[in-house]
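The structure under discussion appears below in the form of structure tokens.
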Amino acid sequence: KINKEINDYNSKKINFKFYPEEEKHINEFISSIKIFGKILNIEENCIKSDILDSPEYQEKIKFWINQEKGKINNTKLLYKLTRDGETIAKFHELCDNIKDNLIIIKTENKTIFGSYCTWVWAKDGSDLYVNDGFLFNLTKGEKYANKKRNIHKGCKDHGPYIYDNFYFEKTMKKCNIINKLLSDNTGLNNIQEIEIYQLSF
């Protein structure tokens, strides 16, 4: 809203050359609004995602994470399929041993789903049994508990792997979706985009 007001002001191109005092006051006001925006962390706590292309998606994800963990302070994009490539090795290089990650997946048939994970990924082939984190189907606007709570941390051939829900094997370009709640199109799906973020609170 602040950016819109500033853009509206700039687009009018009001000529204040005959009113220097008014121009000074308006510029001071705009500067104070920009500073206020930074204080509120308007940019920092947003998830700047190409997949979350609507305010409703953004707010839904932030609300779910706030329920689970608390208010997001900052985000960092660790991995993106179209930026970093489809190899499992690149996923491990960029994402291993980092806590609190958000995985957002968009299939070629436009289903958006994923998970919030408090645990870390690795390539040592080990498993975890955890009682936190959640899964979601953003297309349906639904959040789900990870009931089985079994996580495969990963190995050199596996990307993110949540038992009985979804997993990546040998490539990040294809995801095997098991849980029908995550997608109507279960089985091996071609992936349009994946974004994995590190969250801080």
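The values are calculated or read from the model by the stated rules, or taken from the named source; none is laboratory data. Since this is a predicted model, take the numbers as computed values, not measurements. Backbone-built Cβ (ideal geometry, glycine too); neighbour counts: all protein chains shown. The protein model used for the area step is the full one, side chains on, heavy atoms only, and it has no ligands, DNA or RNA in it. Shrake-Rupley method; radii C 1.70, N 1.55, O 1.52, S 1.80 Å.
Looking at the structure I just gave you, is Phe136 open to solvent by less than 80 Å² (accessible area, probe 1.4 Å), modelled with pLDDT of 95 or more and either in a strand (DSSP E or B) or of a type in the set (Val, Ile, Thr) (or both)?
It is true that Phe136 is open to solvent by less than 80 Å² (accessible area, probe 1.4 Å), modelled with pLDDT of 95 or more and either in a strand (DSSP E or B) or of a type in the set (Val, Ile, Thr) (or both).
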Problem set entry | Pairs where the first residue, in the stretch 145-170, is within 18 Å of Glu93 (Cβ to Cβ) and the second is of a type in the set (Gly, Ala, Ser) and part of a loop (DSSP other than H, G, I, E, B), C-beta under 6 Å, 6+ apart | Lys153/Ala122; Lys153/Ser126; Gly154/Ala122; Cys155/Gly125
Exercise. Looking only at residues in the stretch 159-185 that are open to solvent by 70 Å² or more (accessible area, probe 1.4 Å) and not in a loop (DSSP other than H, G, I, E, B), which one is farthest from Ile104 (Cα to Cα)?
Worked result: Glu169
Exercise. For Leu188, all conditions in the list (1) open to solvent by less than 50 Å² (accessible area, probe 1.4 Å); (2) more than 27 Å from Glu59 (Cβ to Cβ); (3) in a strand (DSSP E or B) hold save one; what is the number of the exception?
Worked result: (1)
Problem set entry | Which listed residue is at pLDDT below 75 and open to solvent by 60 Å² or more (accessible area, probe 1.4 Å), from Lys38, Lys48 | Lys38
For this session: Quick one: in the stretch 73-89, of everything that is over 11 Å from the mean Cα position of the chain (by Cα), surrounded by 15 or more Cβ atoms within 10 Å (Cβ to Cβ) and touching a residue at least 12 places away in the same chain (Cβ under 8 Å), which residue is nearest to Glu195 (Cα to Cα)?
Result: Leu81
